[in-house]
Amino acid sequence: MKNLLTLFLTFFILSISASVSAQTNANSGISSGPEYQPFLKQVADDVSANSLETYIRTLAGFDNRHTMSDTTSDTRGIGAARRWIKVEFETISEACGGCLEVFYVSGEVGGTNRIPDPVNIVNVVAVQRGTADPNRVVMMSGDIDSRASNVMDAEIDSPGANDNASGMAGAIEAARVLSQHEFPGTIVYAGLSGEEQGLFGGEILAEYAIENNWRIKGVLNNDMIGNIEGVNGVINNTTARVFSEGTRANETEREARTRRFTGGEVDSPSRNLARYIHTMGHQYIDNLDVMMIYRLDRFGRGGHHRPFNEVGFPAVRIMETNENYVRQHQDIRVEDGIEYGDVIEGVNFDYAAKLTALNVVTMASIAMAPSPPAGVGIDGAVEPSTTLDWDALDPEQNPQLEGYKVYWRLTTSPVWTNARPTGDVTEYTLENIVIDNYYFGVASVSEDGYESPVVFPGAAGSFGE
Ligand SMILES: [Zn+2]
């Protein structure tokens, strides 16, 4: 009797789970990202909190990196800071046999609210050229400049240890780690200037990128990656935020009309770059949850990913979860027993290392993978099946290409849940998967299993050519 009952119960449970999975196999909630790569874990582990500490202390030690500060001193001001950053990149390059092109990208800005008199805005850029596709770029940026309470005060001390020596140091450390390896795609490490005065350095570098035919597939802008003590009393070193725009800043009215009918409000290339970073965090960075924030940036505040978005490049902001306004944009002082100022004591180097490692694995993975597919289209209205098609990738630029992978998810799911490899084709049909009920996308896959970000069909999701 007991055996019969067990048998019956087992059969009953099996039939339930069979029918449930038949219902939900297209939305099981199972994450379906790229395969695990030991190499990516290795480069994540190579990021050193000690070396970040040295970089951040040096940058904060210039005391003042205001955009209009002194440029002649070797010990104080933004001139000293940018020359030091250039030398650091050059030193890293010497260690890899000259694998980095290091140079300034600058432009004069004046007659604006925060820069009344003309000043030279100078970015420091290091380019690690890809071996197969030298103009396909993934970039990590931090900022060189700092500010105190009064954004126009170019004289007072503004060490900017967290805002944003931490992000700048992260970019230098990423160069140190990744320059020891070769990649098919190009990686750019950038120090941007003029951020606090109106995002000018990013605008200047975005223009330079267009003029030099860089096909930027992702900008990871790091702005404040070292504070773990929130102004709200929360102390937390296990989460990070990635801000991304939902729709492309430069979409045309016509593209917006198409999007209204077929979707894409939450699938800009920047948003799918954020999903990619989220997956990388889960796979390679222990004790870190990436909080995707479906918003361009924080309320009323800016960052250097924005000028890249404005000309159509996928770009996100990576930063700490818990900000401390007592330590941001403040003159160093004690008031009512509260210590104000963006000083070195407010930076947690282990945490900055975790966020730098998140950048490092993301860039290594994108630079290893083939280019994200272009020309992605989708069909299937009033049909039982959904068909995706895309342009074949250039085999010379993508010798590592093995094929593609089609992804889909429920329209309310924040992450891609289902995937199927297609082989090296340019069209694939998901039989009996109804187009209306899911969002779809396609990624490219290398022979070693590295994957590009997922590209949502049409102009709404395009990562460009
Ligand atoms: Zn700031």
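The values are calculated or read from the model by the stated rules, or taken from the named source; none is laboratory data. The shown structure was predicted, so the numbers you read here are calculated from the model rather than taken from an experiment. FYI the Cβ positions are ideal-geometry reconstructions off the backbone, even for glycines, and counts take in every protein chain you see.
Picking from residues in segment 227-262 that are closer than 30 Å to Glu451 by Cβ and within 16 Å of the ligand (Cβ to nearest atom), the one that is surrounded by the most Cβ atoms within 10 Å (Cβ to Cβ) is Phe243. Among the residues making up segment 139-171, a single one is more than 13 Å from the ligand (Cβ to nearest atom) and β-branched (Val, Ile, Thr): Ile156.
Regarding Glu195, is this residue more than 18 Å from the chain's Cα centre (by Cα) and either part of a loop (DSSP other than H, G, I, E, B) or more than 15 Å from the ligand (Cβ to nearest atom) (or both)? Criteria not met by Glu195. What is the residue count in segment 323-349 for residues that are buried (at least 19 other Cβ atoms within 10 Å of the Cβ) and more than 16 Å from the ligand (Cβ to nearest atom)? Residues that pass the stated criteria total 2. The residue of segment 208-226 that is farthest from the ligand (Cβ to nearest atom), among those that are part of a loop (DSSP other than H, G, I, E, B) and surrounded by fewer than 24 Cβ atoms within 10 Å (Cβ to Cβ), is Asn213. Restricting attention to segment 312-328, the residues that are in a loop (DSSP other than H, G, I, E, B) and over 24 Å from the mean Cα position of the chain (by Cα) add up to 0. Would you check if there is a residue in segment 158-181 being in contact (Cβ under 8 Å) with a residue 40 or more places away in the chain, in a loop (DSSP other than H, G, I, E, B) and among the charged types (D, E, K, R)? Looking for residues that are in contact (Cβ under 8 Å) with a residue 40 or more places away in the chain, in a loop (DSSP other than H, G, I, E, B) and among the charged types (D, E, K, R), one finds none in segment 158-181, hence no. Being in a loop (DSSP other than H, G, I, E, B) and either under 30 Å from Leu178 (Cβ atoms) or modelled with pLDDT of 95 or more (or both) is the requirement here; does Arg136 meet it? Judged against the criteria, Arg136 is not a match.
When we screen Asp331, Asp336, Asp297 for residues that are among the acidic types (Asp, Glu) and touching a Ser or Thr at 6+ places or on another chain (Cβ under 8 Å), the only hit is Asp331. For the subset of segment 41-80 comprising residues that are assigned to a helix (DSSP H, G or I) and of a type in the set (Val, Ile, Thr), which member is farthest from Ser166 (Cα to Cα)? For segment 41-80, the residue satisfying everything is Val43. Surrounded by fewer than 20 Cβ atoms within 10 Å (Cβ to Cβ), part of a loop (DSSP other than H, G, I, E, B) and within 16 Å of the ligand (Cβ to nearest atom): does that describe Asp117? Considered against the rule, which asks whether it is surrounded by fewer than 20 Cβ atoms within 10 Å (Cβ to Cβ), part of a loop (DSSP other than H, G, I, E, B) and within 16 Å of the ligand (Cβ to nearest atom), Asp117 comes out as no. Scanning segment 238-258 for residues that are of a type in the set (Asp, Glu) and closer than 15 Å to Pro457 by Cα yields Glu251, Glu255. If you go through segment 329-345 and pick out every residue that is among the acidic types (Asp, Glu), in a loop (DSSP other than H, G, I, E, B) and farther than 19 Å from Glu53 by Cβ, you end up with 2.
Among residues belonging to segment 350-380 that are outside any strand (DSSP E or B) and surrounded by fewer than 17 Cβ atoms within 10 Å (Cβ to Cβ), point out the one that is nearest to the ligand (Cβ to nearest atom). Of everything passing the filter in segment 350-380, Asp350 is nearest to the ligand (Cβ to nearest atom). Scanning segment 381-398 for residues that are assigned to a loop (DSSP other than H, G, I, E, B) and not charged (D, E, K, R) turns up Ala381, Val382, Pro384, Ser385, Trp390, Ala392, Leu393, Pro395, Gln397, Asn398. If you filter segment 263-292 down to residues that are among the acidic types (Asp, Glu) and surrounded by fewer than 17 Cβ atoms within 10 Å (Cβ to Cβ), you find that the one that is farthest from Thr362 (Cα to Cα) is Glu265. Answer yes or no: is there a residue in segment 139-146 that is within 23 Å of Glu396 (Cα to Cα), in contact with a strand residue (DSSP E or B) (Cβ under 7 Å, 6 or more places away or on another chain) and in a strand (DSSP E or B). Yes, segment 139-146 has at least one match. I'm trying to understand the selection: among the residues of segment 324-340, which are under 18 Å from Gly167 (Cβ atoms) and in contact with a helix residue (DSSP H, G or I) (Cβ under 9 Å, 6 or more places away or on another chain)? If the condition is that a residue be under 18 Å from Gly167 (Cβ atoms) and in contact with a helix residue (DSSP H, G or I) (Cβ under 9 Å, 6 or more places away or on another chain), then Asn324, Arg327, Gln328, His329 are the ones that fit.
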